[in-house]
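*Asks:* Okay, handing you the structure first.
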Amino acid sequence: MNILLASSEVFPFSKTGGLADMVGALARALANEGHEARVVTPLYRGIQKKFPEMRRVDWHFDLPLGLGWAQADLWELDLERGLKIYFIDHPGFYDRAGIYHEGNISYADNAERFIFFSKCVVHLSRYLPWRPNVVHVHDWQVGLVPALVSQQKQEGWGNPPPIVLTIHNLAYQGIFPAEAFALTNLPKYYFHSDGAEFFSLLNCLKAGIAYADSITTVSPRYAREITTEEFGCGLDGLLRRRQRVLTGILNGVDYTEWNTTKNPHLFKPYSVGRMAGKKFNKAELQKILGLPVAAEIPLFGTISRLAEQKGVDIQLGALAEMLNTKMQFVLLGSGSPEYERGYRDLVRHFPNKVSVYFGYDETLSHRIEAGCDFFLMPSRFEPCGLNQMYSLRYGTIPIVRATGGLDDSVIDWTENPKRSTGIKFAEYNPRALAKAIRKALVLYSQPKLLADCRQRAMTSDFSWKQTIGHYLNAFNSITTHKQEQY
Ligand code: ADP
Ligand code: GLC
């Protein structure tokens, strides 16, 4: 199959979270399976310098954007066999210090930036000599693609490819003032309550849900959750109406990036049969964190955007209580200044037990995954979550709240001791998380049980090989269906 993927973030070119990992890994997995995957993404600052082998394509975009026009160039990079990346080069829109914001302030022209990007995706889908069988768009930034394609179909595009929309996080919808709708150059009738309009505002993700041929989200449980009022972020009604084309597919892990045997970020390799390396990684991590180097003290870690979704409030509450026991904690995160203050307070109270790093650090993230004993992910909601799956492979027992993909990927110690790979808790409050941490301390005090649990965690398989078939089914079902229509 020829699959054109479109995303505002793709690892290893740009990343603010799991979206980048997922799209990068999915494209690679499709190519490995013998399909032809091409990915479209903006050319952000720094990418060209890091990948000087990219080439300019003899193609110039000149597309209407509201009352004006916007121009861009196209670059391409052959990443590996069957995998090409297209970069949309509009220096005014994408050559900036951040992807969506600087400091904590969103760029004022995000509507222009991503509506233009969506138009470039549609233009490529239509005019590339290489014809995609499916266009696979990810999140709100390209949510308008299905509507733009449907409009071009009405204006004479004979046989457009079907569009699959994957929702990575329903909490981010790309909502803009109604005036931004003019930038789409779509006819007025797309701006109604079953389309792009949401309480008189433009909602890019909603437009995607309304007009995509097929919708997926990143875990089976989240697919069910988002059709309820509690998790639906105002779109549950529409999602219920579209339930027939909505499926949940758990993300896979790219084990060529996330592994403990061939990983340049780690202090020493290790594996199920050679666990001494994990101890070494823990000691080195304790050293660089400035914590007492002690094998017997359990080390807990978190790597996260500091956002409400991630359960920071209950984590701060639970840690304030539990750090009075024998344990250490490390955080790598960035986000809300208010949450950062909360973690700084923890360091002040427990200077010998807590270490925090604010910012983004790829190497440190692998070192934390490898050096910790337990990984905390107490999310309020979690569409899939990747870090708990990385933790499993690194033998770092995940402690997760039973929601979304966290529930789908971790087997709880109390519920199923013989198959368990982690610890789960249900209620969203600091007490429930503190209780889960207490269970972890009990597990830590029983080396045989801990070793068995680690072994099960490290050998559980979330590779894309397991997952890719679900995406191919989703692609095949709509391409067959579409062909029947013509
Ligand atoms: P989300 O996409 O909601 O942030 P995921 O668990 O799906 O959550 O993915 C988060 C990804 O971002 C993981 O690869 C994680 O390691 C990475 N990450 C998050 N915060 C940081 C950080 N401060 N430094 C380095 N990597 C980070
Ligand atoms: C989103 C979600 C996260 C998911 C990631 C990749 O950022 O918050 O749960 O793992 O996308 O699909």
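The values are calculated or read from the model by the stated rules, or taken from the named source; none is laboratory data. Remember, it's a predicted structure, so these values are computed and weren't measured experimentally. With ideal geometry, Cβ positions are generated from the backbone for all residues, glycine too; neighbour counts draw on all protein chains shown. In case anyone asks, the SASA skips ligands and DNA or RNA and just uses the protein heavy atoms, side chains included. Shrake-Rupley method; radii C 1.70, N 1.55, O 1.52, S 1.80 Å.
*Asks:* The conditions are (1) open to solvent by less than 70 Å² (accessible area, probe 1.4 Å); (2) in the same structural domain as residue 431 (by TED's automatic domain parsing); (3) in a loop (DSSP other than H, G, I, E, B), and residue 302 fails exactly one of them. Which is it?
*Replies:* Only one criterion in (1) open to solvent by less than 70 Å² (accessible area, probe 1.4 Å); (2) in the same structural domain as residue 431 (by TED's automatic domain parsing); (3) in a loop (DSSP other than H, G, I, E, B) is unmet by residue 302, namely (3).
*Asks:* Give just the number: which of (1) assigned to a loop (DSSP other than H, G, I, E, B); (2) open to solvent by 30 Å² or more (accessible area, probe 1.4 Å); (3) more than 27 Å from residue 24 (Cα to Cα) does residue 291 not satisfy?
*Replies:* Single failed check for residue 291: (2).
*Asks:* Moving to a separate point now. Within the range 16-30, how many residues turn out to be of a type in the set (A, V, I, L, M, F, W, C) and under 19 Å from residue 333 (Cβ atoms)?
*Replies:* Within the range 16-30, residues that are of a type in the set (A, V, I, L, M, F, W, C) and under 19 Å from residue 333 (Cβ atoms) number 2.
*Asks:* Which numbered condition trips up residue 367, out of (1) within 16 Å of ligand 1 (Cβ to nearest atom); (2) open to solvent by less than 10 Å² (accessible area, probe 1.4 Å)?
*Replies:* (2)
*Asks:* Could you give me the residue pairs with C-beta distances under 9 Å whose first residue belongs to the range 410-428 and is within 23 Å of residue 312 (Cα to Cα) and hydroxyl-bearing (Ser, Thr, Tyr), whose second residue is open to solvent by 60 Å² or more (accessible area, probe 1.4 Å) and part of a loop (DSSP other than H, G, I, E, B) wherever it lies, and which are 6+ apart or on separate chains?
*Replies:* 428/380
Residues are listed down the side, and each one gets a yes or a no for (1) in a strand (DSSP E or B); (2) within 19 Å of residue 128 (Cα to Cα); (3) open to solvent by 40 Å² or more (accessible area, probe 1.4 Å):
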residue: 10; (1), (2), (3): no, no, no
residue: 19; (1), (2), (3): no, no, no
residue: 44; (1), (2), (3): no, no, no
residue: 53; (1), (2), (3): no, no, yes
residue: 60; (1), (2), (3): yes, yes, yes
residue: 69; (1), (2), (3): yes, no, yes
residue: 74; (1), (2), (3): yes, yes, no
residue: 85; (1), (2), (3): yes, yes, no
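*Asks:* Okay, moving on. Among the residues of the range 437-452, write down those that are in contact (Cβ under 8 Å) with a residue 12 or more places away in the chain and either closer than 20 Å to residue 329 by Cα or among the aromatic types (Phe, Trp, Tyr) (or both).
*Replies:* Matches in the range 437-452: 437, 438, 439, 440, 441, 443, 444, 450.
*Asks:* Exactly one condition in (1) in a helix (DSSP H, G or I); (2) in contact (Cβ under 8 Å) with a residue 40 or more places away in the chain; (3) open to solvent by 10 Å² or more (accessible area, probe 1.4 Å); (4) out of contact with any strand residue (DSSP E or B) (no Cβ under 6 Å at 6 or more places or on another chain) is not met by residue 130; state its number.
*Replies:* Exception for residue 130: condition (1).
*Asks:* Among the numbered conditions (1) more than 16 Å from ligand 2 (Cβ to nearest atom); (2) closer than 26 Å to residue 3 by Cβ; (3) among the hydroxyl-bearing types (Ser, Thr, Tyr), tell me where residue 193 comes up short.
*Replies:* Only one criterion in (1) more than 16 Å from ligand 2 (Cβ to nearest atom); (2) closer than 26 Å to residue 3 by Cβ; (3) among the hydroxyl-bearing types (Ser, Thr, Tyr) is unmet by residue 193, namely (2).
*Asks:* Can you tell me which residues in the range 399-428 are surrounded by fewer than 24 Cβ atoms within 10 Å (Cβ to Cβ) and either within 18 Å of residue 19 (Cα to Cα) or within 15 Å of ligand 2 (Cβ to nearest atom) (or both)?
*Replies:* Selection gives 402, 407, 408.
*Asks:* In addition: List pairs: first residue in the range 94-108 and in the same structural domain as residue 175 (by TED's automatic domain parsing) and in contact (Cβ under 8 Å) with a residue 40 or more places away in the chain, second residue part of a loop (DSSP other than H, G, I, E, B) and open to solvent by 70 Å² or more (accessible area, probe 1.4 Å) anywhere in the structure, Cβ distance under 9 angstrom, at least six positions apart or on different chains.
*Replies:* What qualifies is 94/45; 95/45; 96/45; 97/45.
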